[in-house]
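**Q** What follows is a single structure, and I will ask about it in a moment.
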Amino acid sequence: MSQVTLSQVSTRKLRSDDISGVNELVVRFANTNGTGSASANNMFAKAVFRMGVPISPKNIFPSNIQGLPTWYEVRVSEKGHLGRREGVDVLVAMNPQSMAKDVEMVLPGGYLLYDNTKPLDLRLIREDVTYIGVPLTEICLREYQDPRQRQLFKNIIYIGCLAALLDIEFSVLTDLVGDQFKGKEKLVAPNVHALELGYQYARRNFDCPLKVRVERRDLVGDSILVSGNSATGLGAVYGGATVAGWYPITPSTSVIEAFEKYARRLRIDPGTGKNNFAIAQAEDELAAIGMVIGACWNGARSFTATSGPGVSLMSEFLGLAYFAEVPVVLVDVQRAGPSTGMPTRTQQSDITSAAYASHGDTKQILLFPSTPRECFDMTAQAFDLAERLQTPVIIMSDLDLGMNDHMSAPFEWDDERTYDRGKVFDAEQLEQLARDGKRFGRYLDVDGDGICYRTYPGTHPNKGAFFTRGTSRDKYAIYTEDGDEYVANMERLQRKFNSAKKLLPQPLLKTSSEVAPIQESERYGVIYFGTSDAATEEAMEQLAADGMVMDGLRLRAFPFSREVETFISDHNRVFVVEQNRDAQLRSLLVNELEIDPKKLLRVLNYDGSPITAATICSKIRQHCAQQGSAGLRQA
Amino acid sequence: MSYIITNFRHPLSPTNKLGFTRKDYEGALSTLCAGCGHDSISSAIISACFEMSIEPHRVAKLSGIGCSSKTPTYFLGNSHGFNSVHGRMPSITTGANLANRDLTYIGVSGDGDSASIGLGQFAHVARRNLNMLYIVENNGCYGLTKGQNSATTDLDSVNKSGVSNTFEPIDLANLALQLGATFVARSFSGDKQQLVPLMKAAMSHRGFAFIDVISPCVTFNNNPGSKKSYDFVREHQEATSSIDFVPMEKEITTQYDPGTTQEVTLHDGSVIHLHKAIEGFNVHDRRSALRAIKDHQERGEVLTGLLYVDTDPVDLHDVINTTHKPLSSLTESSLCPGSGMLKSINDSLR
Ligand SMILES: Cc1ncc(C[n+]2csc(CCOP(=O)(O)OP(=O)(O)O)c2C)c(N)n1
Ligand code: SF4
Ligand SMILES: [Mg+2]
């Protein structure tokens, strides 16, 4: 095997065709999992963010604990394009195992930072990439005795190098170290020292900064940087959840971890030091959702979080909750299925199984958050909706949203806001009902919206008790197999489901027609939801710049409101962007709104990595080419 | 079966301490087969709650699916009930109890419901020591689906179709003991004398109280070859001891011969009196209980009575340090941290 030494791999002067530009780049870190690179890589992302430049970091990791390749990718985009982008401008290649493939991802003219303590395999050398060799291992061997420190500080040192190469303000990094080790001040100095080692090495040995670099801006406003799962956990605290039953599964586990973390801080009874919450790690997802149903039936706000396999196990119980009309909040952080699929890769592939979860005629309410802020808002709101509608509400997050940090509008809470506990009779109301000579009927549709009044166990000594069951019953909750009663009940449930449409988050219209007017004769629309938002909106911009102007509608809930129907009927063709193979949302639209399937065109990505604007553009262009559309000619 | 329900109430029908009559603890008419053991258990629950003067609406009754799981409709009509899905009563009860620790929880299940489809949930609710009374109405068959063998059908027991069971049974009392249940008993639906005080003691127990009640299915499993028939159990039952239960508030008036009676004081101050215990049996010793169950089984006998009790149990709420108030009673003021806190959380995320 032919190898080259440091002197052979040039730290040559920059060439004219090297990638250049300010604040538009993708930096990819290739690491081995279990080596402590995550916090160093996070520090890099956060430093750019603190310099006022929008970023979008993504973890790409295997279903494994130690020793396999993992990647961390940060897209820096001053234009605010926060979807994933293919192609790497700067690769930090720390994993020999994956190096061959990693090198291929670098764009022509890109840069590759590597550890040149050992010579590089010649076959990994590309003519069109600038190699930046730093003797990371050698520096660590010299500076540190402890093997663990040698490993950990290697990560910090390459962050120091990057800072010099990309012109990241060093003081921003030292501030971050200070924040990270608040309370463990002993660790600050060694970390800053490691940053210095890298920073100085790069400054001494290379022309810093590179032609591609970061420059301070004021473009992030009051945004926060947080993962969707943290936001969901916090939303559950704010939304008043007191009982959580759960079973570990990637990528949902950190929802409960976040709930627990925040609850331990914010939900301790000041008088007694006891918990104003209860978390039970269940024996499986059946028990987890069972606990939620029991708690909600008994008047608490309760939730669970899982992923596709868990939703499958919960299916029977979701039918019970639908039919017995028990509120439930379920967070589905979707991952690539079917079966165990790719457990650490993202998809939006539980749409159908969640929308129609369970046997019989069931329909479930779905919410589609796109950002951490929406995870927070929708989770808090889900408790109101579930209790108002007395039915399960499923929050359809995904791995990309849940486990990656996203730049997001800050969380807000109106202190005037009260929880909507829905239609619940208390003891006094039951007394009044009796005084008015009326009989309490658990399933009487008094208000005509399909939503009936319930009571909590323990309310009144001789009024308002009823029997909850999954079998059919009459309006007074008495068991019956009478066909007419059954049908009346099923129709009321349908009415209730329709009542939900007004209460759910409405879709958001996004039009690029300010760029160029839309031709009346060729009105094209794009429907998208969840984490396809950033890439879709970027794609819409790109297409508009090429003269293909279209309207976008971001769906935020199922059942679909009238706006969705109107949007589809107002457009000649509608592209439906989603991250699954079977175009599940499209099927749901066709099925529920009775749309002519020909009108809805699939734009799909389901390889497990977040969808990109490039994919969306190319699929839309493909459709246009096939359709021979006049209005959507390629520019 | 059907019979006419009367609204007639004798003016002198006895009332309990709270002024309720037995009728206030009854439920809808049973639709089970006449003579079904499960109906006797419902009746025992009614007696136990009436005699204990529990406010009916402070009880929640939960069940899975099966003839046995239907029974909560037939007792405590003023209590909320939840007939859930097959084998999952334990998780529903766990959630309910976490939400409101102030109610009394009675879970009713069958041998199919608990020993087959629900074995996992049974095991976990026992090991979490959830504060509840868990009753298995054990008829050694699947009643509602017409008599198939269940996981508690005894070895060589012959069902109505003449088929003998070739698989080892699961003994739920034995299992509960091994899983750390803090109150374990076995009884027989036809033995109200024993069953009612056991239920009362179980409801006073602050933790997981399990009673395996042998409850013959007259339609599918009450034939000569069955080991869960009335005749078989009557002939082969031996009790660990006979028991009296004295609730906390009640003064102990009866005098017992010293030496023949063991007194067990439960956490809430109520007392169980055990008379004429079988030789060498200690109700505070799990191993003693396990040994006694096994010895009797080998002799072809059914050991009933209180098998084990821990008088100072640590229940799930103790373990997870939940607040004393029911979580369901907490409102925005103690649940929602407010906008000020959110601002500082936002700051920490920049
Ligand atoms: C998921 C599911 N599987 C199967 C059934 C059918 N099923 C109803 S009751 C029952 C058995 C009940 O047996 P057991 O718990 O012993 O109650 P019993 O009727 O004997 O009192 C079965 C299998 C069901 N309701 N749900
Ligand atoms: S089938 Fe058996 S268990 Fe079911 S009601 Fe009849 S006797 Fe009871
Ligand atoms: Mg049975």
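Every number here is computed from the coordinates shown, using simple stated rules; none is lab data. All figures in this text were calculated on a predicted structure; none of them were measured in a lab. Cβ atoms come from the backbone with ideal geometry, glycine included; neighbour counts cover every protein chain shown.
**Q** May I ask for the distance between the Cα centers of the range A:523-544 and the range A:17-89, given as a whole number of Å?
**A** Measuring centre to centre over Cα atoms gives 23 Å.
**Q** May I pose another question? Grab the DSSP H runs of chain B that are 4 residues or longer, score each as -39,500 (n - 2.57), total them, divide by all residues and round the 222 nm result to the nearest 500 deg cm²/dmol.
**A** Estimated from H runs of four or more residues: -8500 deg cm²/dmol.
**Q** Loop-only trypsin sites (Lys or Arg not before Pro) in the range B:91-184, please: DSSP not H, G, I, E or B, and at most 15 other Cβ atoms within 10 Å.
**A** Answer in residue order: B:Lys146.
**Q** Compute the signed sum of charges (Lys and Arg +1, Asp and Glu -1) over the other residues within less than 14 Å, Cβ to Cβ, of B:Ser30.
**A** My count for the surroundings of B:Ser30 gives -2.
**Q** Just check the range A:427-497 against the gyration tensor rule for me: Cα atoms, a ≥ b ≥ c as the square roots of the eigenvalues, rounded for a/c under 1.5, and otherwise prolate or oblate depending on whether a/b exceeds b/c.
**A** Judged from the Cα gyration tensor, the range A:427-497 comes out prolate (a/c at least 1.5, a/b above b/c).
**Q** Count neighbours as other Cβ atoms within 10 Å of each site's Cβ, and list the GluC sites (Glu not before Pro) in the range A:532-621 that are DSSP loop with at most 13 such neighbours.
**A** A:Glu594
**Q** Could you sort the peptides A:126-138, A:607-619, A:491-503, B:62-74 by per-residue average Cβ neighbour count (10 Å cutoff), highest mean leading?
**A** B:62-74, A:607-619, A:126-138, A:491-503
**Q** What are the extents of the Cα atoms of the protein assembly as shown along their three principal axes, in Å, largest first?
**A** Computed over the Cα atoms, the extents are 103, 72, 58 Å.
**Q** Straight-line reach from B:Lys294: which lysines have a Cα under 19 Å away, not including same-chain ones fewer than 8 places off?
**A** B:Lys227, B:Lys228
**Q** Listed highest first by mean packing, meaning other Cβ atoms within 10 Å per residue, what order do A:364-375, B:193-204, B:294-305 come in?
**A** A:364-375, B:193-204, B:294-305
**Q** With θ set to phi - 60° and the Karplus curve 6.51 cos²θ - 1.76 cosθ + 1.60, what are the ³J(HN,Hα) couplings of the range B:80-97 in order, to the nearest whole Hz, using x for Gly and Pro?
**A** Working through the residues one at a time gives 6, x, 9, 9, 9, 10, 4, x, 10, 4, x, 6, 4, 5, 4, x, 4, 5 Hz.
**Q** Specify the residue with the greatest mean-square fluctuation among B:Leu76, B:Leu32, B:Leu330, computed from a Gaussian network of chain B linking alpha-carbon atoms under 10 Å apart.
**A** Taking springs between Cα atoms under 10 Å, the residue moving most is B:Leu330.
**Q** When the Karplus curve 6.51 cos²θ - 1.76 cosθ + 1.60 is applied with θ = phi - 60°, which whole-Hz ³J(HN,Hα) does each residue of the range A:572-582 get, with x for Gly and Pro?
**A** So the Karplus estimates, Gly and Pro as x, are 6, 9, 10, 7, 10, 9, 7, 10, 7, 7, 8 Hz.
**Q** Hey, can you grab everything whose amide H is under 5 Å from the amide H of A:Lys510? Only 5+ residues off in sequence or another chain; H modelled, so Pro and N-termini drop out.
**A** Residues meeting the criterion, in which the H sits 1.01 Å from N, are A:Gly552, A:Leu553, A:Arg554.
**Q** Need one value for B:316-322: mean number of C-beta atoms belonging to other chains within 10 Å of its residues' C-beta atoms.
**A** 4
**Q** Would you mind ranking A:Arg148, A:Arg421 by Cβ crowding within 10 Å, fewest neighbours first?
**A** So the ranking, lowest neighbour count to highest, is A:Arg148, A:Arg421.
**Q** Continuing with this model, one more query. Arrange the following residues from fewest to most other Cβ atoms within 10 Å of their Cβ: A:His406, B:His236.
**A** Placing the least packed residue first, the sequence is B:His236, A:His406.
**Q** Just how large is the dipole of chain A about the Cα centre, in debye to the nearest 20, putting +1 at every Lys and Arg Cβ and -1 at every Asp and Glu Cβ?
**A** In total the dipole reaches around 1040 debye.
**Q** Ok, one more. Pull up all non-local amide H partners of A:Ile60: gap of 5 or more, or a different chain, and H-to-H distance under 5 Å with H placed in the peptide plane.
**A** HN-HN under 5 Å from A:Ile60: A:Trp71, A:Tyr72, A:Glu73.
**Q** Under a point spin-label approximation (7 Å from Cα along Cα-to-Cβ), what is the A:Phe170-A:Glu565 distance to one decimal in nm?
**A** If labels sit at A:Phe170 and A:Glu565, their model points lie 6.5 nm apart.
**Q** Next question, about the same structure. Whole Å is fine, so just give me how far the alpha carbon centre of the range B:38-71 lies from that of the range A:314-339.
**A** Measuring centre to centre over Cα atoms gives 30 Å.
**Q** Report the label-to-label distance for B:Ser13 and A:Asn462 in nanometres (one decimal), using points 7 Å from each Cα along the Cα→Cβ vector.
**A** Result: 1.0 nm between the two label points.
**Q** List the residues whose amide H sits under 5 Å from the amide H of A:Val331, counting only those 5 or more places along or on another chain, with H placed 1.01 Å from N in the peptide plane.
**A** A:Thr304, A:Ala305, A:Thr306, A:Ile395
**Q** Compute the distance in nm between two label points, each set 7 Å from the Cα along the Cα-to-Cβ direction, one at A:Arg439 and one at B:Asp318.
**A** For the pair A:Arg439/B:Asp318, the computed spacing is 4.6 nm.
**Q** Among A:Leu553, B:Leu175, A:Leu509, A:Leu330, rank each residue by its count of other Cβ atoms within 10 Å, from fewest to most, as a rough exposure measure.
**A** Neighbour counts put them in this order, fewest first: A:Leu509, B:Leu175, A:Leu553, A:Leu330.
**Q** Let me ask something else. Can you give the FRET efficiency to the nearest 0.05 for A:Arg123 and A:Asn205, using r as the Cβ-Cβ distance and R₀ = 25 Å?
**A** With a Förster radius of 25 Å, E is 0.55.
**Q** What average number of partner chain Cβ atoms lie no more than 10 Å from the Cβ of the residues making up A:263-269?
**A** 4
**Q** Now a separate question. If I stretch the segment between A:Ser63 and A:Glu431 completely, what's the gain in nm (0.36 nm per residue apart, minus their alpha carbon distance), one decimal?
**A** Full extension of this stretch gives 126.7 nm more.
**Q** Does the range A:3-213 classify as rounded, prolate or oblate by the C-alpha gyration tensor (a ≥ b ≥ c root eigenvalues; a/c under 1.5 gives rounded; else a/b over b/c gives prolate, otherwise oblate)?
**A** Rounded is the answer for the range A:3-213, as its axis ratio a/c remains below 1.5.
**Q** In addition: Select from A:Leu601, B:Leu133, B:Ser150 the residue farthest towards the positive end of the dipole of the protein assembly as shown; place +1 on Cβ of Lys and Arg, -1 on Cβ of Asp and Glu, and compute about the Cα centre.
**A** Checking the options against the dipole of the protein assembly as shown, the answer is A:Leu601.
**Q** Can I ask one more? For the protein assembly as shown, with the dipole built from +1 on Lys and Arg beta-carbon atoms and -1 on Asp and Glu ones, taken about the Cα centre, which of A:Met550, A:Cys617, A:Ser358 lies farthest toward the positive end?
**A** Of A:Met550, A:Cys617, A:Ser358, it is A:Cys617.
**Q** Give the aspartates and glutamates reachable from A:Lys154 as a straight Cα distance under 17 Å; neighbours fewer than 8 places away on the same chain don't count.
**A** The qualifying aspartates and glutamates are A:Asp115, A:Glu138, A:Glu143, A:Asp146, A:Glu196.
**Q** Rounded to the nearest 500, what is chain A's calculated 222 nm mean residue ellipticity when only DSSP H runs of at least 4 contribute -39500 (n - 2.57) each, over all residues?
**A** Mean residue ellipticity, 222 nm, calculated: -12000 deg cm²/dmol.
**Q** Show me A:82-93, A:427-438, A:297-308 ranked by packing, highest mean number of other Cβ atoms within 10 Å first.
**A** So the peptides A:82-93, A:427-438, A:297-308, ranked by packing, come out A:297-308, A:82-93, A:427-438.
**Q** I would also like to ask the following. Can you pull the mean other chain C-beta count within 10 Å for peptide A:238-244?
**A** 6
**Q** Could you sort out which of A:Lys274/B:Lys343; A:Lys475/B:Lys200; B:Lys160/B:Lys200; A:Lys363/A:Lys510; A:Lys46/A:Lys261; A:Lys58/A:Lys182 sit more than 31 Å apart by Cα distance in this structure?
**A** A:Lys475/B:Lys200; B:Lys160/B:Lys200
**Q** Which of rounded, prolate, oblate describes chain B, given a ≥ b ≥ c as roots of the alpha-carbon gyration tensor eigenvalues and a/c under 1.5 marking rounded, otherwise prolate only if a/b is larger than b/c?
**A** It comes out rounded by the Cα gyration axes.
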